[in-house]
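A short worksheet on the structure shown next.
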Amino acid sequence: MTPKRWLLTILSFAAALGASAWVVWSSWPNGDGRLSLPLLAHVVALSGAVAEVTLRAFKLTWSAKALDIPLTLTTSFRVCLGGDFGASVTPSRSGAEPARFLIMAEAKTPLGGIVMVLWAEIVLEVLSLATIALLIATVFPGTDRAVTSVLLVIATYALTVLAVSALGVVLSRRNANGPPPPWAPKIGLHAGRWRSIQKALRQLRTSVAALRHAKPGWMFGSFVASALHVAARLCILPGLVLFVAPNTPVAPLVAWPLAMQYGAAVVPAPGGGGAVELVFKQTLGNVIPPEIFGASLVWWRFYTIYLYIVVGALVAGSTVMRSLKPKDPAIAADPDAPAPPPISITD
């Protein structure tokens, strides 16, 4: 992270906090408003956050077992929390995968295995998001707009991943070895960089082959854990609201957070830069009762992003910060350096 990027991160979170303050102020009722919620509501929300991280850790561990890659549950917890911290302080969550890559590498996970586990996670995440979105559309009629927005994000991401994967597989069959093609130097790909790309292509080819031979039982368990971790995160807002206002419609409390949390990954500003708060007011302003609307926003954001930042910084912050530092050009040009993993939108 360069000073300019840190400045961008600070300004983005300042904008997010400012947007939260504006939403609370503009929606404050004439009567009695509140920023506190019952203890039981906090217990449910905290349990949802803990369950979400735990299920993600099991997803990583079981994906590794399916691919015969050594990865302990403790390391998986550190990988998840460190990835959350790296994602939160970088534009478009771009620091998530490099942070996870470094934590797994420091835990002595084989480099080729790291790429395969992260690739499997991306595939499972896309499938589980689509599954949950379709279930919401089935169980809660009238949530078409929210589900449509989520499905559009998922479809765009899935098509991008599939297109890049298909291109990578084609290139890995033709260009994984040998000298750079004539067009490579014209776009700045000298011999050292081209060898790094070839290494990445070979890793991709290995990852695709490994997924074909993955153990189906462990992979299915990983998919179930992936779907359940999405569901656990979606329980946080209903848990905060329904203990105070039990007559509030459940469908919008589930569908719109799905759209906001995963749609926020396409926002360039770290932490959303206030976009999530504004969308929260626009979509749920007429759903959540005015007396607890401000409290719902503040505590929902705490349990879905700020808590992850704090815990991630405590658990794996130093490791993540090493992964976010600018690399030495001499090291970056090393053809034997491990290739960067693919970028994910989720966590």
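The values are calculated or read from the model by the stated rules, or taken from the named source; none is laboratory data. This structure is a prediction, so every number in the text was calculated from the model and none was measured. Note that we place each Cβ from the backbone using ideal geometry, even for glycine, and neighbour counts take in every protein chain shown.
Within the span defined as region 259-267, every residue fails to be surrounded by fewer than 22 Cβ atoms within 10 Å (Cβ to Cβ), at pLDDT 80 or above and within 20 Å of the chain's Cα centre (by Cα).
Counting only helices (runs of 4 or more DSSP H) that fall entirely inside region 18-109 and contain at least 2 residues that are more than 15 Å from the chain's Cα centre (by Cα) and within 27 Å of GLY263 (Cα to Cα), the qualifying elements are 39-66, 96-106. The condition of being in a helix (DSSP H, G or I), out of contact with any Lys or Arg (no Cβ under 6 Å at 6 or more places or on another chain) and either modelled with pLDDT of 75 or more or buried (at least 19 other Cβ atoms within 10 Å of the Cβ) (or both) holds for VAL241.
Pairing each residue of region 8-28 that is within 13 Å of VAL89 (Cα to Cα) and touching a residue at least 40 places away in the same chain (Cβ under 8 Å) with any residue that is assigned to a helix (DSSP H, G or I) and among the aliphatic types (A, V, I, L, M), provided the two are 6+ apart or on different chains, yields C-beta distances under 8 Å for ALA16/VAL276.
Scanning region 268-308 for residues that are closer than 19 Å to GLY86 by Cβ, of a type in the set (Val, Ile, Thr) and surrounded by 21 or more Cβ atoms within 10 Å (Cβ to Cβ) yields a total of 2.
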